[in-house]
Amino acid sequence: MNKSPSPSGRGGCNLGDLLMIEVKNIHKSFDGQAVLKGVSLTVETGEIFAVIGGSGQGKSVLLKVIMRLLEADSGDILIDGKSIRGLRGQALYKMRDRAGYLFQGGALFDSMTIYENIAFPLREKTKLSKKEINARVEEELEKVGLSGMGHKYPEEVSGGMKKRAAFARVLVMRPEVVLFDEPTTGLDPILVDSVHRLILWGKKTYGFTAVIVSHEIPEIFGVADRIGMLSGGVMIETGTPDEIRNSRVPEVRRFVRGLSEEVSAGGIA
Amino acid sequence: MDYILAIPRSIGTAVLDVLQETGDMFLFLGRTLYWTFTPPLKVNRVVRQIGFMGARSTALIVLTGAFTGMILGLQIYYTLQKFGAEAYLGPAIALSVIRELGPVLSALMIIGRAGSALSAEIGIMRITEQVDALESMSLSPFRYLMVPNMLAALVSFPLLGAIFNVVAIYGGYLIGVKLLGLSAGTYFSGIKDFVGYKDIRDGMIKSLCFGVIMIWVSCYKGYNTGHGAEGVSRATTTSVVMASTLVLVWDYFLNSVMLNF
Ligand SMILES: Nc1ncnc2c1ncn2[C@@H]1O[C@H](COP(=O)(O)OP(=O)(O)O)[C@@H](O)[C@H]1O
Ligand SMILES: [Mg+2]
C-alpha cells in the first residue's frame, strides 16, 4: 500500500488500492449553532464525489472536518478503512501528506509570489533540486494557464488566477486524495470548463480520488461520478449524476432545476 | 429567582472564560517552546524576523533612549541636588536605566511597533486560511510562524535593550555634564564603581522575559483571531494592551525576586 507519497515520481494510479473516504455521522456545531447534523458519505478509490448545496450549508466545514482542520463534535472519518479521528502529531501529518486541499479563497501565501507559492511545498517537503523544482513549477503553471505569471504576487492577479495558482500548488504535490472547495466559483465559463478538464485529467493521470464542492450545475454532472446534496446539516440525497438530475426529492429538484435554469438564462455568471 | 442568580452566574461565566483563555495561552506557549526545540529550524525566517523586529526598531529605540536619558538627567539631578549628592548622577541614571527603564521602555516600544504588526499579520493569515493551508501541507504553523518570531525576539530584545541603555546613559551625560556642569570623570567613574555584573544580568533577564511575553501574546492573539477585519483589529489592540500590561506585572514580580538575590 502506498503510505507515504513520493511526489517526485509517483505517476501510477491507485485504482487497485483500497483507498476510500468514509464519513460517518459527523456532527459539528459552532457556539451552539449546529452546522452538520449527522453527515455520512463514502467515496471510492479513484472516484470524484461532488457535494452540492446552498451557501452556508456547511460544505466547507465538511471538507475541513475531513482534512482534520476542524474537529468534529462526534462521528468518524475513515481513510482506507482506518479511523483518522484520533490521529495526532506525526501520524496526522502523514495522513495529510497523502491529501491536497484547495481552499475556497485559494489561501495563497501573500508574502510570496505565485511561483514561490507553488514551489513552497516542494522546497519544504521534498529533496528535489532547484532545477527539478523549477521544471515542476513551470509545468504546473503551464497546465493551469499561468505561464509567465509566476513572478506576480497574489494581490496583483485576478480572483480566477489566484484560484488556478492555488490549484497548481495542490497538484504539484501529486496528492492521492484532493478536496476541492469550489474550484471554479468566480471563473468565467471557459475557465470553468478548463478547470473541470484539469480535474478529469488529474484523475486519469494520477488516479486521485476527489471530493469537490461545487455550484457548477449542470457542468459538474459531467465531472462527478457521484453527487451528494448537503442541506440542513445532512446529505439529503446521494446518487449518480443521472439520479440527481432526475431526483424525486423536491428540494434537490428545486436546487438542480433552479440553478440550471438560472444559468441558461444567464443568471449566474 | 432568575434575577438573583443572574449576577453570580455572569461572574461565574466570566471567571470560567478567563480560566479557559489562560489555559489556552499556556498550552500555546508550551507548543511554541516544543516546536522551538524540534529541528529543523527555519533559519532564514529567523533572520528575516530579526530584521523586522530588531533592525527596523533601532531608530525608534535610539530616539526613546536618548530622551529617556535626558529626562532622567534633569529629574535625578534636581532630586540629588536636594541632598547635595549631584556627584552620584551617573550611577543613579545608569542603575535606573540598566535595571529598569531600559528593558521596560524598550519592550513597550517594540510591542507597539512590532507586536501589533505581528498580531495583524498572523491574524490576516488566519482569516485568509493561510494558516490552514500550512496545516493542510502537514507543515506546522508553529515551526513556520511562531518559532522564528520567538527566536528573533530572544535575540532582538536584549540587543535593543542594550542599545537603549547606552544611548540613555549618554543622554544623561549630555544633560549632567554639558548642560549642568558636572565633570565627565565624575559621571563615568561613578557608573563604573556602582554598576555591577548583577545589574546588567538582571536587566538582560528582564529583556529576555519581555521578548517571550510579546511573542507569546501577539502570536496567540493573531492565531486565535475572530472573524473578518474587525476580528483582526480587535486581536491587534488586545494583544498590545495585554502584552504591555503583562510586561509591567511580570516586571514587578521579577523585581521582587531579583532584589532578594
Ligand atoms: N470557524 C468557524 N467558526 C464559527 N462558525 C463557522 C466557522 N466556519 C463556518 N462557520 C459557520 O458554519 C456555517 C457553514 O459555513 P460553510 O461551511 O462555510 O458554508 P458553505 O456551505 O457555504 O461552504 C456558516 O453559518 C458559518 O457561519
Ligand atoms: Mg464554502
- Note on the structure: Within the stretch A:48-64, the residues that are under 13 Å from the mean Cα position of the chain (by Cα), within 17 Å of A:PHE103 (Cβ to Cβ) and either assigned to a helix (DSSP H, G or I) or not aliphatic (A, V, I, L, M) (or both) are A:LYS59, A:SER60, A:VAL61, A:LEU62, A:LEU63, A:LYS64
- Restricted to the stretch A:44-74, and to residues that are of a type in the set (Ser, Thr, Tyr) and under 16 Å from A:LEU230 (Cα atoms), which residue is nearest to ligand 2 (Cβ to nearest atom)? A:SER60
- Scan the stretch A:56-65 for residues that are in contact (Cβ under 8 Å) with a residue 40 or more places away in the chain and near ligand 1 (Cβ under 6 Å from one of its atoms) and jot them down. A:GLN57, A:GLY58, A:LYS59, A:SER60
- Looking at the stretch B:205-227, is at least one residue of a type in the set (D, E, K, R), surrounded by 16 or more Cβ atoms within 10 Å (Cβ to Cβ) and either in contact with a Gly (Cβ under 7 Å, 6 or more places away or on another chain) or farther than 20 Å from B:SER116 by Cβ (or both)? yes
- Say whether the condition of being charged (D, E, K, R), crowded, with 17+ Cβ neighbours inside 10 Å and over 12 Å from the mean Cα position of the chain (by Cα) is met by at least one residue in the stretch A:173-192. yes
- Selection count where residues are among the β-branched types (Val, Ile, Thr) and open to solvent by 50 Å² or more (accessible area, probe 1.4 Å), scope the stretch B:90-128: 3
- Note on the structure: Restricting the stretch A:22-43 to residues that are within 16 Å of ligand 2 (Cβ to nearest atom) and open to solvent by 60 Å² or more (accessible area, probe 1.4 Å), the one farthest from the other protein chains (Cβ to nearest Cβ) turns out to be A:GLN33
- Message: Considering only residues that are over 16 Å from A:GLU182 (Cα atoms), within 14 Å of chain B (Cβ to nearest Cβ), aliphatic (A, V, I, L, M) and within 14 Å of ligand 1 (Cβ to nearest atom), which ones fall in the stretch A:66-94?
- Response: A:LEU69, A:LEU70
- Kindly indicate whether any position in the stretch B:74-82 is free of Cβ contacts under 8 Å to residues at least 12 places away in the same chain, more than 13 Å from every other protein chain (Cβ to nearest Cβ) and open to solvent by less than 40 Å² (accessible area, probe 1.4 Å). no
- Restricting the search to the stretch A:44-55, which residues are open to solvent by 30 Å² or more (accessible area, probe 1.4 Å) and either more than 10 Å from ligand 1 (Cβ to nearest atom) or over 19 Å from A:LYS28 (Cβ atoms) (or both)? A:GLU44
- Message: Give me the residue from the stretch A:197-212 that is open to solvent by less than 10 Å² (accessible area, probe 1.4 Å) and assigned to a helix (DSSP H, G or I) and, out of that set, modelled with the lowest pLDDT.
- Response: A:GLY202
- Item | Among (1) away from ligand 1 (no atom under 16 Å from the Cβ); (2) within 19 Å of the chain's Cα centre (by Cα); (3) outside any strand (DSSP E or B) - the single one A:GLU116 does not satisfy | (2)
- Note on the structure: The residue that is surrounded by the fewest Cβ atoms within 10 Å (Cβ to Cβ), considering only those in the stretch B:129-138 that are over 28 Å from the mean Cα position of the chain (by Cα) and under 18 Å from B:GLY228 (Cβ atoms), is B:ASP132
- Item | Within the stretch A:104-119, tally of residues that are of a type in the set (A, V, I, L, M, F, W, C), more than 7 Å from chain B (Cβ to nearest Cβ) and touching a Leu at 6+ places or on another chain (Cβ under 9 Å) | 2
- Query: If you go through the stretch A:109-122 one residue at a time, do you hit one that is modelled with pLDDT under 95 and over 24 Å from B:ARG48 (Cα atoms)?
  - Reply: no
- Kindly check whether there is at least one residue in the stretch A:228-248 that is part of a loop (DSSP other than H, G, I, E, B), within 16 Å of ligand 1 (Cβ to nearest atom) and surrounded by fewer than 20 Cβ atoms within 10 Å (Cβ to Cβ). yes
- Task: Run A:TYR101 past the list (1) within 11 Å of chain B (Cβ to nearest Cβ); (2) part of a loop (DSSP other than H, G, I, E, B) and report the number of the one that doesn't hold.
- Result: (2)
- Query: Considering the stretch B:26-59 alone, what residues qualify as being crowded, with 17+ Cβ neighbours inside 10 Å, of a type outside the set (S, T, N, Q) and within 19 Å of the chain's Cα centre (by Cα)?
  - Reply: B:PHE28, B:LEU29, B:VAL46, B:ILE50, B:PHE52, B:MET53, B:GLY54
- Does B:ASP193 fit the bill of being open to solvent by 70 Å² or more (accessible area, probe 1.4 Å) and either on the phi < 0 side of the Ramachandran plot or under 20 Å from the mean Cα position of the chain (by Cα) (or both)? yes
- Output the number of the condition that A:GLU216 fails; it satisfies all remaining conditions of (1) within 14 Å of chain B (Cβ to nearest Cβ); (2) open to solvent by less than 40 Å² (accessible area, probe 1.4 Å); (3) at pLDDT below 90. (1)
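The values are calculated or read from the model by the stated rules, or taken from the named source; none is laboratory data. Just so you know, these numbers come straight off a predicted model, no measurement behind them. Cβ atoms come from the backbone with ideal geometry, glycine included; neighbour counts cover every protein chain shown. What goes into the accessible areas is simple: the full protein's heavy atoms, side chains included, and nothing from ligands, DNA or RNA. Shrake-Rupley method; radii C 1.70, N 1.55, O 1.52, S 1.80 Å.
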